[in-house]
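Asker: Quick one: the structure is below, questions incoming.
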Amino acid sequence: MADFDLSANFIPSLHKPATLLPIARHRQSLLYLVETYPVTIVVGHTGSGKTTQIPQYLEQAGWCADGKIIAVTQPRRVAATTVAIRVAEEVGCKVGEEVGYSIRFEDVTSASTRIKFLTDGLLLREALVDPLLSRYSVIMVDEAHERSLSTDVLLGVLKKILKRRPNDLRIIISSATLQAEDFLKFFAGDLDIQPKPVVQAAVSLDDLVSQGSLAPSNAGDQLGGNIGRIISLEGRTYPVDVLYLEAPAEDYVDKAVQTVFDIHTKEPEGDILVFLTGREEIDTAVQAISERAANLHPRAQTIMPLPLYAGLSSEQQMYVFEEAPENTRKVIFATNIAEASITIEGIVYVVDTGFVKLRAFNPLTGIETLTATPISKASATQRAGRAGRTKTGKCYRLYTEATFQALEEATIPEIQRSNLAPVVLQLKALGIDNIVRFDFITSPPAELIIRALELLYSLGALDDYAKLTRPLGMRMAELAVEPMMAKTLLSASSFGCLSEILTIAAMTSVGGNIWFHHDGEKKRMETARRKFAVEEGDHITLLNVYQAFITKGRKETKFCHDNYINFKALTRAVSIRGQLKRYLERFGITVDETLSTNANLQPLAVGGPDKGEKIRRCLTTGFFAHAAKMQPDGTFKNVAGGTILHAHPSSLMFNRKADWVIFHEVMETGNKTFIRDVTKIEKNWLVEYAPEFYKIR
DNA sequence: GAGCACTGC
C-alpha cells in the first residue's frame, strides 16, 4: 500500500474511503474464516472499521442470498443507530432499506433490509418469538469484551442455537485482544458439532498464508479446533507513553488537579482527559481548575475545564466536542462514560486516577451497592488508549507501577455482580429450565441464582418445580420492566387501577431524573415539587406529575420549565407507557383509561377516595419483598431487620411520618443505604398478598 | 437534610 506522509500539509477527510481502512487487506482472510468455521473472533481497535466493513463484506460475499439477514449487535442504542446511518451512506441507500437498525421504540428496517444493527437486548427479545433466530445467516456480536449483562446472556443463547444450526449460522464476536481466547475457548471448548463450509471458499488457504494475512499455524490442529479462529485486524492508533507515580497519592482528586496544571505549564499543545469516579469529584476538580486558572500569567495559554458525566443534559455534554477557543487548552473531567461510550477527538494527555464506580448486588441482603473500586488492567489500557487517537500521547497514572501490576486482568463481568431475577426469568421464557447448568461464558455465583429463583417463586413466576408459570410467569418475562413491577402490572386489573399502575410503572423505569433544575434553583424546584405531592408517598405523586404533563405540558415546554420537570424524562415515560400498554393488550388485558383522564394537581384526587388505597395495595403485591418499617428516629428497618435504611432526599418520606412502607429501589452509596420511590402501606397487606413470604418471619 | 458510574427491553 502507498505510503501517505502528507499529513503535515493536508487535512484528513472525515470519512476515510473504505478501501483505505486497515481492515481492507484482511478481507479475504476474514471471509475465508467465516466460510470455514462457525465462529470467528475478530480482534481490532475502534477505528479498524470492523463494525462498518465486515457486514458489507459478508453481504457482498453472498451471505444474504436466500433472503437471510446479517445482524450486528451493539451494547448501546446510539451505536446501533449511528453505525447504521454510516453504513447506509457507504452502501448508498436510505437507512431502513438494505441497511437498517432496530432499537427499543424505533424499528427502522423493511422487507429489503439485509444488514441490521440492533441492541443485544433486543436480539434476545427476538429469540422469544424465533428461538433459533432463523432469519439470520450471520450474527456479529460487537464490543463483546465489555461483557454487559445482555451480551453475556446472548453469547450463551447463541452457543445453544449453534448446536441446532451448525451448518447455516455463522457467529462473529468482536473483542479486545485480552479476551479473544476466552471467547474462542467458550465456543470451541465442548461444542460437539461437525460444521461444513457453507459457501465454496473463493480463495484457498495456501493463497492467504502466502499473502501473509493468515498465520500458517491456522491450518494445523490448534485452539478452536474445527469450530473457530481468531483474526486480528490492526487499528490505527499511535503510541502512548505511560507514566506512573513513584509513591501513591493521598487524595487523587487533588493530585489530578495538580497533574493537569503540570501538563498545562510544561507540556506542548493538546487536550487533557481526566478519569474520575463521579459528579461530586468532577465538580470539585472543575472548580479547583477555574480558581487556579485565574492565577496564570495573563499572556500564558488559558485552560478550560469541562465536566462530562451521564447526568448532564445532552446540550451540556456537547461542549466537550467543541474545539477550544484560540490559545486555550481543554481539560475534560469525565466519569467512565469516556472509556467506551463517548469518544473525544484531539486528546493527547490522559490522567487516570485508577478508580471507577461499580454497581454490585449483595445476594444475602438483596441490596445494591455503588462504590468506587480500583479499575482493571484492561480498563487502564483502554483509558490510556484514549490519548493516542490523533497523535502520540501520554498517560499519567496516578498510582504506582506495583499497584498497576496488582490490578485484576479484567473487570468482573456484570453477570457476576447483578440481581439476576430478570436474567433467570428471561432464560426460563426461552425454554432454558436448568439455569445452573446453562453455559454462561462466566458462571454467576450460585447465591445470585438462588436469590433470583427465590424472588421469582415468591412472585408466582415460578412454580414448586421452578418451572415458569403460565400465563403469569411468561407474561412477566415478556413485559419490559423488572419482575416486581411486572407482577404489579399484572395484578392491577383485579384492583381496578391498571391505567394508574401503567403510568407508575413507566415513571419509575424512565431512568434519569424526573426533576431538573439549574444552579441556584434548588429551593424553587422543591416548591414546585410540593404541588404534586400526596400524603401516600412517591408513587402516587409520580402519577400526578404524569397526568399534569399529559394534559398541560406535553405541547408546551414552558409547563415543564415552570415546574422544574425534565421534559425528556416525561416524554420517555409516555413511550414506555405506550409500549407496556401494547404488551398488555396483546395478552388480552384491556386498559380502561376513562377514569384517569382527568388530570389533577390536587393531592388525593386520583379518582376518588378509594383509588389511592387500591394503588397501594396493588403495589404491595409486587413489592412486598421491598418493605420497611419506620423507626422513631425517622430511619427505616427492612423486614429482615438487619439493615438501617434512609429515605433518599428526593423522596417525600424523607421528612414525613410513616409506619410501614414499600419502596421501588434500595442502594448503598458511601456509608448509607437509601430507599427511593417510597409509599405507605398497611402491615397486614404484606401477609395478605405474600403469605408464603411472610409466614415464618 | 443530602445526592446515582454506565447500559438495556
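Asker: At most 15 other Cβ atoms within 10 Å and a DSSP loop assignment: could you name the trypsin sites (Lys or Arg not before Pro) in the stretch A:651-685 that fit?
Answerer: Answer by residue number: A:656, A:657.
Asker: While we're on this one: Given labels modelled 7 Å from the Cα in the Cβ direction, how far is it in nm from residue A:567 to residue A:292?
Answerer: 3.9 nm
Asker: Longer than 22 Å from Cα to Cα, which of A:581/A:680; A:68/A:159; A:467/A:487 are they? Say none if no pair is.
Answerer: Where the Cα-Cα span goes over 22 Å, the pairs concerned are A:581/A:680.
Asker: Determine the distance separating the Cα centre of the stretch A:269-327 from the Cα centre of the stretch A:643-697; give it in Å without decimals.
Answerer: With the stretch A:269-327 and the stretch A:643-697 each reduced to a Cα centre, they are spaced 40 Å.
Asker: Another question, if that's okay. For the stretch A:479-694, what proportion of DSSP beta bridges, expressed in % and rounded to the nearest 5, is antiparallel?
Answerer: Given both bridge residues lie in the stretch A:479-694, the antiparallel proportion sits at roughly 90 percent.
Asker: Which order do A:318, A:667 take by accessible area at a 1.4 Å probe, largest first?
Answerer: Final ranking, largest accessible area leading: A:318, A:667.
Asker: Same structure, new question: What dipole magnitude, in Debye to the nearest 20, does chain A give about its Cα centre under +1 on Lys/Arg Cβ and -1 on Asp/Glu Cβ?
Answerer: Charge dipole, chain A, about its Cα centre: 1660 debye, nearest 20.
Asker: What percent do you get for the relative contact order of the stretch A:240-412 when only Cα pairs under 8 Å and 6+ apart count?
Answerer: Result for the stretch A:240-412 is 32 percent.
Asker: I've got another one for you. Counting other Cβ atoms within 10 Å, which trypsin sites (Lys or Arg not before Pro) in the stretch A:114-160 have at most 15 and lie in a DSSP loop?
Answerer: A:135
Asker: Let me check something: with ligands and nucleic acids excluded, how do A:515, A:63 order by accessible area (1.4 Å probe), largest to smallest?
Answerer: Result, largest first: A:515, A:63.
Asker: Could you work out how much longer the chain between residue A:190 and residue A:319 gets when fully extended? Use 0.36 nm per residue separation minus the Cα distance between them, nm to one decimal.
Answerer: 41.4 nm
Asker: If I ignore ligands, DNA and RNA and count only protein heavy atoms, how much of residue A:257 is accessible to a 1.4 Å probe, in Å² to the nearest 10?
Answerer: Probe radius 1.4 Å; accessible area of residue A:257 about 10 Å².
Asker: Tell me the accessible surface of residue A:482 in square angstrom (1.4 angstrom probe, heavy atoms of protein chains only), to the nearest ten.
Answerer: Near enough 80 Å² of accessible area.
Asker: Determine the calculated [θ] at 222 nm for chain A from helices alone, applying -39500 (n - 2.57) to every DSSP H run no shorter than 4 residues and normalising by the residue count; nearest 500 deg cm²/dmol.
Answerer: Counting only the DSSP helices, I get -11000 deg cm²/dmol.
Asker: Turning to a different aspect of this structure: Suppose the chain between residue A:65 and residue A:362 were pulled fully straight at 0.36 nm per residue; how much longer would it get relative to their current alpha carbon spacing?
Answerer: 102.0 nm
Asker: In the stretch A:525-567, what GluC sites (Glu not before Pro) fall in a loop by DSSP, with at most 15 other Cβ atoms inside 10 Å?
Answerer: Listed in order of number, the matching sites are A:535, A:556.
Asker: Using the Cα centre of the stretch A:479-694 as origin and beta-carbon charges of +1 (Lys, Arg) and -1 (Asp, Glu), tell me which of A:576, A:517, A:541 is placed farthest towards the positive end of the dipole.
Answerer: Positive-end residue among those listed: A:517.
Asker: Could you tell me the center-to-center distance, by alpha carbons, between the stretch A:445-465 and the stretch A:366-401 in angstrom?
Answerer: Spelled out, the Cα-based centre of one part sits 36 Å from the other.
Asker: Place a point 7 Å from the Cα of residue A:370 along the Cα-to-Cβ direction; which residues of the stretch A:671-693 have their backbone N under 12 Å from it?
Answerer: Backbone N within reach: A:674-676.
Asker: Average projected area of the Cα convex hull of chain A, in nm²?
Answerer: Over all viewing directions, chain A projects a mean Cα-hull area of 33.9 nm².
Asker: Between rounded, prolate and oblate, where does the stretch A:622-697 land on the alpha carbon gyration tensor, with a ≥ b ≥ c its root eigenvalues, rounded for a/c under 1.5, else prolate if a/b exceeds b/c?
Answerer: Note, shape of the stretch A:622-697 comes out prolate.
Asker: Something else: Using a probe of 1.4 angstrom, how much of the accessible area of the stretch A:135-178 is carbon and sulfur, in percent?
Answerer: The C+S portion of the solvent-accessible surface of the stretch A:135-178 is 52 percent.
Asker: May I pose another question? Could you report the accessible area of residue A:138 in Å², rounded to 10, computed with a 1.4 Å probe on the protein chains as they sit in the structure?
Answerer: Accessible area, nearest 10 Å²: 0 Å².
Asker: Roughly how many nanometres apart are two label points built 7 Å out from the Cα toward the Cβ at residue A:657 and residue A:244?
Answerer: Spacing of the two 7 Å Cα→Cβ label points: 6.1 nm.
Asker: Evaluate the relative contact order of chain A (contact order divided by residue number), counting alpha-carbon pairs under 8 angstrom at least 6 apart; express in whole percent.
Answerer: Relative contact order of chain A: 10 percent.
Asker: Could you rank A:130, A:66, A:610, A:251 by how accessible they are, 1.4 Å probe, largest area first?
Answerer: From most accessible down to least: A:66, A:610, A:251, A:130.
Asker: Here is a follow-up. Going 7 Å from the Cα of residue A:265 toward and past its Cβ, which residues in the stretch A:280-324 have a backbone nitrogen under 15 Å from where you end up?
Answerer: A:289-303
Asker: Let me ask you something else. Skip the ligands, DNA and RNA, and give the accessible area per residue of chain A with a 1.4 Å probe, whole Å².
Answerer: 47 Å²
Asker: Which percent, nearest 5, of DSSP beta bridges in chain A are antiparallel?
Answerer: 35 percent
The values are calculated or read from the model by the stated rules, or taken from the named source; none is laboratory data. Since we're looking at a predicted model, the values are computed, not measured. Positions of Cβ are backbone-derived with ideal geometry, glycine not excepted, and every protein chain shown enters the neighbour counts. All accessible areas refer to the heavy atoms of the entire protein, side chains included, with ligands and DNA or RNA removed. Shrake-Rupley method; radii C 1.70, N 1.55, O 1.52, S 1.80 Å.
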